[in-house]
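Data block below; observations after.
The values are calculated or read from the model by the stated rules, or taken from the named source; none is laboratory data. Being a predicted model, the structure only gives us computed values, none of them experimental. Virtual Cβ from ideal backbone geometry, glycine too; neighbours counted across all protein chains shown.
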Amino acid sequence: MKDTYHREINYLRVSVTDRCNLRCIYCMPPEGVQWIPHEDILKLEEIETVVKAAALIGVKKVRLTGGEPLLRRGLDDLIRSIAGIPNIDDIALTTNALLLPFCVKMLKESGLDRVNISLDTLRADRYREITRTGNLNGVWRGIDAAFESELLPVKINTVVIRGFNDDEVVAMAGLTLEKPLHIRFIELMPIGPSNSWTTGRFVPAEEIMSIISTRLGQLIPAKKLVGNGPAQYYHIKDAPGTIGFITSMSEHFCRSCNRLRLTASGRLRPCLYDGHEVDLKTPLREGAGINEISNLIMKAVALKPDRHHMLDGWQDKRGMSQIGG
Ligand code: SAM
Ligand code: SF4
């Protein structure tokens, strides 16, 4: 399925919950957010119908996210049903990994292919500060569990924030010298709570690249990884892992954007940074079948803007955890 700007749309990010067991400073206020009432969250069968409808018109890759997706009861059932949909050839999960050791085997057996794990620091005190409640050892147990269950490649998402963790980019990149980990440095986006302080906290990928190459050696362009999306990947000579940069702000990659986002409340969002959404929950609950939902998905695709306008500011009251990161 192609959009107005001739981009192939084949990737659906599905937020399965807006709830989270952490309160990352750039994502949520300390008191949390107003949770979506349970009855307004899409049921697992409704999500399955949306994925079937999306697969019918060309979606091949699905990522489950949130909030924290591992908090959603029945996630393994959802994965199993998505894995059974013809045309879907890649199912990934973005998680803070704290609950991963307890469910990893079940998720792998259900058909999960791989995970992206969010980790912004290697220091326990700082991890607690950034996440407001988290325990760093728990994330490492989650990373180990992902390797043991071969949810490969294991990618790490690191949001770089000036004055919080920008002094750790070399140490984080250094992990790729020891393990087949794929560290992706993500530019802080002005969304939700981070909206007000992004200007001073923002670190461009170019600056991170320059620090890493000065300290660890030349960054050599790396081969594409499975599901490598918008990141540009490099590696340091002889390293088993890679280092990626997601330049959402300094150099947007909208020209190759292939994604749609489904919020936990069943709204299809053609662009993270654009207010347009198409309601799928109401028609689903009024009995719409797969073909009707496919038509609505095409309507959302037609609304995809040519590029995001993050620099104009965040207009939505909701944050990343509510829309689906
Ligand atoms: N809870 C899961 C997790 O943390 O991996 C999935 C949802 S979270 C919203 C998805 C990703 O969005 C995380 O890697 C997080 O670091 C990133 N994120 C959240 N707010 C962000 C912001 N303002 N700028 C850049 N990335 C952000
Ligand atoms: Fe939760 Fe993920 Fe947001 Fe952190 S980034 S508060 S783990 S949803």
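Can you say whether Leu136 is in contact with a Phe, Trp or Tyr (Cβ under 6 Å, 6 or more places away or on another chain), under 27 Å from Ser248 (Cα atoms) and of a type in the set (A, V, I, L, M), as far as the supplied structure shows?
Judged against the criteria, Leu136 is a match.
Quick one: in the range 146-178, which of the residues that are under 25 Å from Lys108 (Cα atoms) and of a type in the set (A, V, I, L, M) is nearest to ligand 1 (Cβ to nearest atom)?
Result: Ile156.
Going by the structure shown, is Arg80 more than 16 Å from ligand 2 (Cβ to nearest atom) and either outside any loop (DSSP other than H, G, I, E, B) or among the acidic types (Asp, Glu) (or both)?
yes
Select, from Leu70, Leu119, the only residue that is within 13 Å of ligand 2 (Cβ to nearest atom), in contact with a helix residue (DSSP H, G or I) (Cβ under 7 Å, 6 or more places away or on another chain) and more than 24 Å from Ile36 (Cα to Cα).
Only one candidate qualifies: Leu119.
Only one residue in Ile91, Ile47, Ile85 is at pLDDT 95 or above and touching an Asp or Glu at 6+ places or on another chain (Cβ under 7 Å), so which one is that?
Just one listed residue meets the conditions, Ile91.
Take the range 214-236 and flag every residue that is crowded, with 16+ Cβ neighbours inside 10 Å and either modelled with pLDDT of 95 or more or in contact with a Cys (Cβ under 6 Å, 6 or more places away or on another chain) (or both).
Leu216, Leu219, Tyr234, His235, Ile236
Rundown of residues vs (1) away from ligand 1 (no atom under 15 Å from the Cβ); (2) over 20 Å from the mean Cα position of the chain (by Cα); (3) surrounded by fewer than 22 Cβ atoms within 10 Å (Cβ to Cβ), yes/no style:
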site: Met1; (1), (2), (3): yes, yes, yes
site: Ile9; (1), (2), (3): yes, no, no
site: Asp40; (1), (2), (3): yes, yes, yes
site: Lys43; (1), (2), (3): yes, yes, yes
site: Thr49; (1), (2), (3): yes, yes, yes
site: Lys60; (1), (2), (3): yes, no, yes
site: Gly67; (1), (2), (3): no, no, no
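Counting just the residues of the range 303-325 that are modelled with pLDDT of 70 or more and within 16 Å of ligand 2 (Cβ to nearest atom), which one comes out nearest to Arg255 (Cα to Cα)?
The extreme case among them is Gly325.
What is the residue count in the range 17-65 for residues that are in a loop (DSSP other than H, G, I, E, B), in contact (Cβ under 8 Å) with a residue 60 or more places away in the chain and either in contact with a helix residue (DSSP H, G or I) (Cβ under 8 Å, 6 or more places away or on another chain) or over 22 Å from Ile117 (Cα atoms) (or both)?
Here the count works out to 18.
Here's a check for you: in the range 1-39, which residue that is charged (D, E, K, R) and farther than 26 Å from Leu98 by Cα is nearest to ligand 2 (Cβ to nearest atom)?
Among those residues, the one meeting the criterion is Glu39.
Report yes if some residue within the range 187-203 is touching a residue at least 40 places away in the same chain (Cβ under 8 Å), closer than 14 Å to Ile117 by Cα and within 16 Å of the chain's Cα centre (by Cα); otherwise report no.
No, because not a single residue in the range 187-203 is touching a residue at least 40 places away in the same chain (Cβ under 8 Å), closer than 14 Å to Ile117 by Cα and within 16 Å of the chain's Cα centre (by Cα).
Taking Leu284 as the residue in question, decide whether it is over 21 Å from the mean Cα position of the chain (by Cα), over 24 Å from Glu39 (Cα atoms) and at pLDDT 95 or above.
For Leu284, the condition - over 21 Å from the mean Cα position of the chain (by Cα), over 24 Å from Glu39 (Cα atoms) and at pLDDT 95 or above - is not met.
Restricting the search to the range 237-253, which residues are modelled with pLDDT of 90 or more, in contact with a His (Cβ under 7 Å, 6 or more places away or on another chain) and not in a strand (DSSP E or B)?
Gly241
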